[in-house]
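The values are calculated or read from the model by the stated rules, or taken from the named source; none is laboratory data. In this text, all values refer to a predicted model and were calculated from it rather than measured experimentally. Cβ placement follows ideal geometry from the backbone for every residue including glycine, while neighbour counts extend to all protein chains displayed.
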Amino acid sequence: MDEETHWNQFTERLLQINALLEDLPAKTRVDFLSGIWLFAASAARSEALVEPGGFPAERTRQLERLENMTLLTAADEPDLEMERLGHEGDYEGLLRLYQERLKDANPNQDAASDDPRDA
């Protein structure tokens, strides 16, 4: 699958999930998505068992993702640009902005690993 197709599918699924959850309070959405993360992450680690060293490699990848989310959360400040993008429904713009912020928060990290589409 080429990069553009992958990005389009990622964005489409993200929008579908957002639409399913938009009637829930924000705190409930975070709790719900945290639960989904735990189930999906466990399944990915289990699937990785088929390759030698797959489980620890997948666990490390997941911990890097969580660290990236922690960095973004810790660096978060009220932001009119993010609010505008959210109100306009420009989720691709939001993802790009998050990616830029992640790079700013952790400039020493490999640029490929902070791509939200790799999550």
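At-a-glance table
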quantity: Top-ranked residue of the range 1-53 - restricted to ones that are closer than 26 Å to Gly93 by Cβ and not in a helix (DSSP H, G or I), ranked as modelled with the lowest pLDDT; calculated: Met1
quantity: Hey, Thr60 more than 14 Å from the chain's Cα centre (by Cα), polar (S, T, N, Q), modelled with pLDDT of 85 or more and surrounded by fewer than 16 Cβ atoms within 10 Å (Cβ to Cβ) or not; calculated: yes
quantity: Residue tally, condition under 16 Å from the mean Cα position of the chain (by Cα) and exposed (fewer than 15 other Cβ atoms within 10 Å of the Cβ), over the range 92-109; calculated: 3
quantity: Selected residue [surrounded by 12 or more Cβ atoms within 10 Å (Cβ to Cβ), within 26 Å of Asn106 (Cα to Cα) and touching a helix residue (DSSP H, G or I) at 6+ places or on another chain (Cβ under 8 Å)] from Asn18, Asn68; calculated: Asn68
quantity: Every residue from the range 21-56 that is surrounded by fewer than 11 Cβ atoms within 10 Å (Cβ to Cβ) and among the small types (Gly, Ala, Ser); calculated: Ala26, Ser34, Gly35, Ala43, Gly53
quantity: Single residue of the range 71-83 satisfying the filter (surrounded by 12 or more Cβ atoms within 10 Å (Cβ to Cβ) and part of a helix (DSSP H, G or I)) that is nearest to the chain's Cα centre (by Cα); calculated: Leu72
quantity: Among the candidates Thr28, Thr11, Thr5, residue that is polar (S, T, N, Q), touching a Lys or Arg at 6+ places or on another chain (Cβ under 9 Å) and closer than 30 Å to Gly86 by Cα; calculated: Thr11
quantity: Qualifying residue in the range 93-113 (condition: more than 21 Å from Ile17 (Cβ to Cβ), in contact with a helix residue (DSSP H, G or I) (Cβ under 8 Å, 6 or more places away or on another chain), assigned to a helix (DSSP H, G or I) and at pLDDT 85 or above); calculated: no
